[in-house]
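Heads up, the thing below is written out as structure tokens.
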Amino acid sequence: MNAPSTATPMRDAPTPATPREARADGRPSARVAVGQGAEGTAAGARETAIELQGVSCYYGSFRAVRDVGLTVARREVTALIGPSGCGKSTLLRTLNRMNDLVPSFRMEGRIAFDGQDLYGPRIDPVEVRRRVGMVFQKPNPFPKSIYDNVAFGARINGYRGDMHGLVERSLRRAALWNEVKDKLGQSGLSLSGGQQQRLCIARAIATEPEVILMDEPASALDPRATLQIEELMRELSREYTIVVVTHNMQQAARASDRTVFMTMDEDRAGYVVEAGETAGIFTNPRHQLTEDYVSGRFG
Ligand code: ADP
């Protein structure tokens, strides 16, 4: 292994469960805990992977996301849902510093990953993106062989271990190995859309991340390939922390442990309305705005 994990020990002790709030139709609090057992699951069993405090995101003078406080639990699938333009992708991209690549972008607040300030002066954004991998909406394999697609990130990171083993392991974890093991030299672009997306997941896994971010990973896929990706998310959450943006509510309901519902104000600044265990969000939301959205009355 030549790409050692730089994971720091957990510093955040799990917060005790808070009693479930009474349902309220008024303006919700900006601080909502995800993954802290507020919905009757065993508090303390969850570990915090990522904690956001007072996070606001700006593109120039436009505030796209307002004052988000959240915790994301380790080895769970957390889904971000909400109407188009409410800042889900922007918020997702703050988790691996992808927004740094947008010149007009600015963030306020704090994001801690394993207790460390993700935006601290000594943090290397390239290392952040290795530890927090990303899969995009449209499958985007490189015009290279299946093998080289998977090996790519690991090579860049200077991996000098057993590359064949890493490629096989990553493809197996992405539930693609059996379909491609006899054609590893073929172009990644020769695969079907669903296979290409699993190849991109294998590519993300091969850099040995702790967190995988997925931005509408199945929206370009047919229903069968979509279900495969959802199953894969569930499977991967045994080992990885997954945060997924989806506009597909069935997908959030099927594939996630926790759901964060965002919407936006009249000034178009997105904010978190409520967050909690997925079953609770879909069957017994605390806020009218959430109920309207999950029941299809809005958005
Ligand atoms: P969602 O994922 O919920 O659809 P986004 O995070 O993509 O929302 O966008 C939130 C808001 O930020 C939108 O108003 C969008 O137009 C704006 N936005 C997103 N990316 C950029 C960018 N690179 N430059 C300027 N504005 C952006």
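The values are calculated or read from the model by the stated rules, or taken from the named source; none is laboratory data. None of the values given here were measured: they were computed from a predicted structure. In this analysis, Cβ positions are derived from the backbone assuming ideal geometry, glycine residues included, and neighbour counts consider all displayed protein chains.
What about residue 194, is it buried (at least 24 other Cβ atoms within 10 Å of the Cβ) and either within 16 Å of the ligand (Cβ to nearest atom) or under 17 Å from residue 149 (Cβ atoms) (or both)? Can you show your working first?
Working: buried (at least 24 other Cβ atoms within 10 Å of the Cβ): no; either within 16 Å of the ligand (Cβ to nearest atom) or under 17 Å from residue 149 (Cβ atoms) (or both): yes.
It is false that residue 194 is buried (at least 24 other Cβ atoms within 10 Å of the Cβ) and either within 16 Å of the ligand (Cβ to nearest atom) or under 17 Å from residue 149 (Cβ atoms) (or both).
Just name the residue that is nearest to the ligand (Cβ to nearest atom) out of those in the range 89-117 that are charged (D, E, K, R) and farther than 20 Å from residue 131 by Cα.
Result: 106.
Results for (1) surrounded by fewer than 22 Cβ atoms within 10 Å (Cβ to Cβ); (2) at pLDDT below 95; (3) basic (Lys, Arg), shown as yes or no for each residue.
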{"position": "69", "(1), (2), (3)": "yes, no, no"}
{"position": "81", "(1), (2), (3)": "no, no, no"}
{"position": "103", "(1), (2), (3)": "yes, no, no"}
{"position": "126", "(1), (2), (3)": "yes, yes, no"}
{"position": "138", "(1), (2), (3)": "yes, yes, yes"}
{"position": "162", "(1), (2), (3)": "yes, no, no"}
{"position": "174", "(1), (2), (3)": "no, no, no"}
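Determine whether residue 257 is among the charged types (D, E, K, R) and either farther than 23 Å from residue 90 by Cα or buried (at least 23 other Cβ atoms within 10 Å of the Cβ) (or both).
On the way: among the charged types (D, E, K, R): yes; either farther than 23 Å from residue 90 by Cα or buried (at least 23 other Cβ atoms within 10 Å of the Cβ) (or both): no.
Answer is no for this residue.
If we keep just the residues of the range 55-88 that are aliphatic (A, V, I, L, M) and over 28 Å from residue 232 (Cα atoms), which is nearest to the ligand (Cβ to nearest atom)? Explain how you work it out, then say what you get.
Let us first name the residues in the range 55-88 that are aliphatic (A, V, I, L, M), namely 55, 64-65, 68, 70, 72-73, 77, 79-81.
Narrowing the set further to residues that are over 28 Å from residue 232 (Cα atoms) leaves 55, 64-65, 68.
Working: 55: 13, 64: 4, 65: 7, 68: 12 Å.
Step by step, filter the range 55-88, then rank; the result is 64.
May I ask you to verify whether residue 258 is in contact with a Pro (Cβ under 8 Å, 6 or more places away or on another chain) and more than 16 Å from the ligand (Cβ to nearest atom)?
no
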